[in-house]
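J.: Structure provided below as structure tokens; questions to follow.
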Amino acid sequence: MPETGDSALLLPAIHASHGGCWLREGRAGGMVTRAIGKGEAIMAAADTPLLMLNAPLVASRLGYPDLSGLDLLELYAFVHPARFVVPTPKGLAHALGLPEPAGDDAVALLLQQAAGALMETCRSEDWAEREGAWTALQSLVRLRWPWANVLTDCIRRPERAEKWLFSKLPEWEEARDRPQPAQVALTDAEIVGRLGALTGEGAEERPAQRSYAAEAGHAFAPRTTARQPHVVLAQAGTGTGKTLGYLAPASLWSERSGGTVWVSTYTKALQRQLRRESRRAFPEYRDGRPAVVVRKGRENYLCLLNLEDALQGGFQGRPAILAQLVARWAAYSLDGDMIGGDLPGWLGTLFRKRGIAALTDQRGECVYAGCPHYRKCFIERAARASAEAELVIANHALVMVNAARGRDVAQRPTRIVFDEGHHVFEAADSTFAAALTGAEAIELRRWVIGPEGKSRGRRRGLSARLADVASYDEEGGLAIERAREAAEALPGDGWLARVVEGTPSGPLEDLLAATRALVHARDESGGQEAGYGLETEVAQLDGAFIEVAGRAQEALEVLRKPLVKLSARLEALVEDGPDWLDGPARARIEGARGAIQWRCDLLSGWIGLLARLGGPADPDFVDWLAVERSEGREWDFGLHRHYLDPMKPFAEVVLAPAHGVMMTSATLTDGGDWDSAVVRSGVPHLDIAPRMFSAESPFDYASQAEVLIVTDVPKGDIPALAGAYGRLIEASGGGALGLFTAIRRLRAVYGRIADRLARAGLPLYAQHVDPIDTGTLVDIFRDDPRASLLGTDALRDGVDVPGDSLRLVIMEQVPWPKPSILHRARRLAGGGQAHDDRIIRARLAQAFGRLIRSGTDRGHFVVLSAAFPSRLLSAFPPGTPVRRVTLDVALQSVGTGVSVAPAPAAPEGTA
């Protein structure tokens, strides 16, 4: 195929998939594409830089991890920072307005054309992202970025000096103190009227949506009794229109009261969807300020000080190139969100390092107003914007943390909608837990002491961050020094090796070593579970272990006391207000107080956990010891404590201060049984009677979907399991989401069927196999109706792929709960088998919910397990056909589309 586009970059290009390898290179007759073997492909890539798309994925396909070349994704990230593109040939073609390649053999030509198109953009006077490109390119030339020399002739030197990132970013403004929200009461008619305005004239009539919106309005009624919020529990089947259903009363209440509504989600995918939907209910700006703000934890945002350090030598080699591309993105980013925002999810995976995480504030080490970029900080801008916003879109964990730690009343949510409400229990379980592990303890040490040994970076200990306080306040300085001395008892660099080798140093490492030894001593797997973590309950501990734990507890108490003292001194300093304490200094000290209080709470949890060892069991908690392992390698040890019912602290910390709370989901109840939903909402702990509402999905599941329980795939037979997956995906022509309960089985199945499917033109992708982040994998899957995706729990919920791209869901087996110590305790308290059944039905319902996302979707839900109890069938929507069949029969059904009995008449009023 000698044809080439006019602007194509005539460099050799390679494309590798499970279906084969293709090389496009210059021959006597011009550029020619030919199929080659993996060996020749590796030799070609080693000899000269080749154009390619997603180098880590190509390297995975070739089995050559050291592959490098001219990656089109890196070039796209430089030319179009903060612009979305699906990182596939088809996605790149669509983003650049190029013809979609007809097959694998046409991809190499597309890569040349895409490179040429991006070069032309760099030469164009209309290039929207020109600002800063020439300056960044000079740094990338010095770093020997493969694309740098190619771009040098395309990007002209600007006539005037470019604004660099740190001067270009706007400064945030201080948020004004908002008055208390007005007390307003919304009528059903007003809410339905607002809903009608949002859906638009001529929209489909949805009686269930109108009833849902009116019910949601009760969460915004004025509270009549302290610690007694209005609580609405609402189950709304897929397709009800619940997003606009609760945004209607939320926007009306916020407009009239002047208050802020928080909408909380569990997944980033729903956050992105909410951001889009909210534009219909809220203005983009109100009085020059954003009306809607997306808030996440600090660890999601770019830290400008970390980026500056990376650009000035903190990163070396390939990570330094990543830092330059991130700097390009930061200048054009909407909000600096690196995890699920407008930073391409695939960018970090191109560099095969944890560079993205290193550029965020992962460890709470922010110096606040002590940072030279404080006034431009993305995190501070989001926090201040949310204090004045009408709608804050957040996640469950952040809402709980803000409620628990929020000193600022403006950041404490009082009107909350928990979408994906079936995950509130899970989020509370994580938020209110305590874990005294090596990894957690060494981070605390580094936060107090600062970097040790040869470690680089800007991380500084308390002494450096609060040097001015120490010089001004003698007692504060003494507390800092005592905290530093006490932190020496925490695990230091090399702790993991010392513990494994039996040479621990200090009371906390002694505790970790004793924990590891006891867990291994009580292991009953006989070493057969080398790939998984081990655990044992905190019971029947001998005197030696109690003695070691006591020394560790004493060390933690010695550390906590000066931190508490330091917090008090900082509070006094703010109240006294010395002459040098200007606005920025006050903000820095307030920030330090918050960080210190967080560590004091952490230490209190650890101390309480150790104090309980050897004593009577506390019925509110479940405690255990654990060794964390991955693929046979031990990476952490420690003690864990979870609430038996995490909704108890949730009720006290989140519900009690709130005025109105709504929890909503398509799977809030267990087959219509509200008892479990009420218990898992936390309201019994406050003696509240919630309002309960339920709306069935308007979808016709009898004709749109079918559940097939396959009875002849032997359990534990990997070849048979892989064969079933492969044949089902072939029968459906792709469009399959495969869900696994174990990564090991996922990898085994993928390895057996990926090549075969690719040769049939059916791309297969997989979590924990492909070097691509989960969000991008879903984007790729959504973009190609012939692609299929294998994954684990993260894909069972929160994945929205409507249309033909998802027409088959395959589960390898019934999703039984993992038999952990925590699960055993909750099972005992929750009714034994009935507790397990509720969990399984919820997981099945969530997985089934991926299949039918619109009124025109069609598909099959297949479970490859003969041991599927009939009592679990209520997990599926009423009317959904369920058949127990052989694999051959299932293949016939999948291959011919949904083949079920005629649908019964729809209930009166169903949309």
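Here's the yes/no breakdown for (1) modelled with pLDDT of 95 or more; (2) under 34 Å from the mean Cα position of the chain (by Cα); (3) charged (D, E, K, R):
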residue	(1), (2), (3)
GLU125	no, no, yes
CYS154	no, no, no
ALA161	no, no, no
SER167	no, yes, no
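J.: Considering region 392-429 alone, what residues qualify as being more than 30 Å from GLY830 (Cβ to Cβ) and modelled with pLDDT of 95 or more?
T.: VAL392, ILE393, ARG415
J.: So, one more: I need a count of the residues in region 701-718 that are of a type outside the set (Ser, Thr, Tyr) and out of contact with any Ser or Thr (no Cβ under 9 Å at 6 or more places or on another chain).
T.: So the count comes out to 4.
J.: Same structure again: Given the criterion of a type in the set (S, T, N, Q) and part of a loop (DSSP other than H, G, I, E, B), identify the matching residue among GLN553, GLN540.
T.: Sole residue among the options that is of a type in the set (S, T, N, Q) and part of a loop (DSSP other than H, G, I, E, B): GLN540.
J.: Further question: Picking from ARG826, ARG884, which residue would you name as being out of contact with any Asp or Glu (no Cβ under 9 Å at 6 or more places or on another chain) and modelled with pLDDT of 95 or more?
T.: ARG884
J.: Taking into account only those residues within region 138-165 that are in a helix (DSSP H, G or I) and touching a residue at least 24 places away in the same chain (Cβ under 8 Å), which is surrounded by the fewest Cβ atoms within 10 Å (Cβ to Cβ)?
T.: This residue is SER139.
J.: Which pairs do you get when a residue that is not assigned by TED's automatic domain parsing to the domain that holds HIS94, found in region 109-125, comes within reach of a residue that is crowded, with 21+ Cβ neighbours inside 10 Å and basic (Lys, Arg), reach meaning Cβ atoms under 6 angstrom, with the pair 6+ apart or on two chains?
T.: No pair meets every condition.
J.: So, in region 431-453, how many residues would count as being part of a helix (DSSP H, G or I) and free of Cβ contacts under 8 Å to residues at least 40 places away in the same chain?
T.: Of the residues in region 431-453, 1 are part of a helix (DSSP H, G or I) and free of Cβ contacts under 8 Å to residues at least 40 places away in the same chain.
J.: Right, next: Does ARG223 satisfy the criteria of being surrounded by fewer than 17 Cβ atoms within 10 Å (Cβ to Cβ), in contact with a His (Cβ under 8 Å, 6 or more places away or on another chain) and not in a strand (DSSP E or B)?
T.: Considered against the rule, which asks whether it is surrounded by fewer than 17 Cβ atoms within 10 Å (Cβ to Cβ), in contact with a His (Cβ under 8 Å, 6 or more places away or on another chain) and not in a strand (DSSP E or B), ARG223 comes out as yes.
J.: Exactly one of these conditions fails for TYR246: (1) closer than 18 Å to SER694 by Cα; (2) over 26 Å from the mean Cα position of the chain (by Cα); (3) aromatic (Phe, Trp, Tyr). Give me its number.
T.: All conditions are met except number (2).
J.: Within region 314-331, does at least one residue satisfy the condition of being charged (D, E, K, R) and closer than 15 Å to LEU140 by Cα?
T.: yes
J.: Within region 499-522, work out how many residues are in contact (Cβ under 8 Å) with a residue 12 or more places away in the chain and in contact with an Asp or Glu (Cβ under 8 Å, 6 or more places away or on another chain).
T.: Of the residues in region 499-522, 6 are in contact (Cβ under 8 Å) with a residue 12 or more places away in the chain and in contact with an Asp or Glu (Cβ under 8 Å, 6 or more places away or on another chain).
J.: For region 292-334, which positions are over 21 Å from PHE78 (Cβ atoms) and under 24 Å from the mean Cα position of the chain (by Cα)?
T.: Listed by number, the residues that qualify are VAL292, VAL293, VAL294, ARG295, LYS296, GLY297, ARG298, GLU299, ASN300, TYR301, CYS303, LEU305.
J.: VAL661: in contact with a strand residue (DSSP E or B) (Cβ under 6 Å, 6 or more places away or on another chain), in contact (Cβ under 8 Å) with a residue 60 or more places away in the chain and not in a loop (DSSP other than H, G, I, E, B), yes or no?
T.: Against the criterion (in contact with a strand residue (DSSP E or B) (Cβ under 6 Å, 6 or more places away or on another chain), in contact (Cβ under 8 Å) with a residue 60 or more places away in the chain and not in a loop (DSSP other than H, G, I, E, B)), VAL661 qualifies.
J.: To continue, here is another question. So which helices (runs of 4 or more DSSP H) stay within region 12-101 end to end and still have 3 or more residues that are surrounded by fewer than 21 Cβ atoms within 10 Å (Cβ to Cβ) and of a type outside the set (Ser, Thr, Tyr)?
T.: In region 12-101, 38-47, 89-96 are the helices (runs of 4 or more DSSP H) which contain 3 or more residues that are surrounded by fewer than 21 Cβ atoms within 10 Å (Cβ to Cβ) and of a type outside the set (Ser, Thr, Tyr).
J.: Hey, another quick one. Which ranges mark the helices (runs of 4 or more DSSP H) fully within region 456-519 that have 3 or more residues being of a type in the set (A, V, I, L, M)?
T.: Filter on region 456-519 gives 467-472, 474-487, 495-501.
J.: Given the conditions (1) in contact with a helix residue (DSSP H, G or I) (Cβ under 7 Å, 6 or more places away or on another chain); (2) within 24 Å of THR349 (Cβ to Cβ); (3) of a type in the set (Val, Ile, Thr), report the number of the one that ILE718 does not fulfil.
T.: (2)
J.: Could I ask something else about it? Between a first residue in region 544-556 that is closer than 10 Å to ALA489 by Cα and β-branched (Val, Ile, Thr) and a second residue that is at pLDDT 95 or above and not in a helix (DSSP H, G or I), which pairs have beta carbons less than 8 Å apart while being 6 or more apart in sequence or on different chains?
T.: Going by the 8 Å Cβ cut-off, there are no qualifying pairs.
J.: Go through the residues of region 235-249 one by one and say whether even a single one is touching a residue at least 24 places away in the same chain (Cβ under 8 Å), touching a Pro at 6+ places or on another chain (Cβ under 9 Å), not polar (S, T, N, Q) and not assigned by TED's automatic domain parsing to the domain that holds ALA197.
T.: no
The values are calculated or read from the model by the stated rules, or taken from the named source; none is laboratory data. In this text the structure is predicted, and so the values were computed from the model without any measurement. Note that each Cβ is placed from the backbone with ideal geometry, even for glycine, and that neighbours are counted across all protein chains shown.
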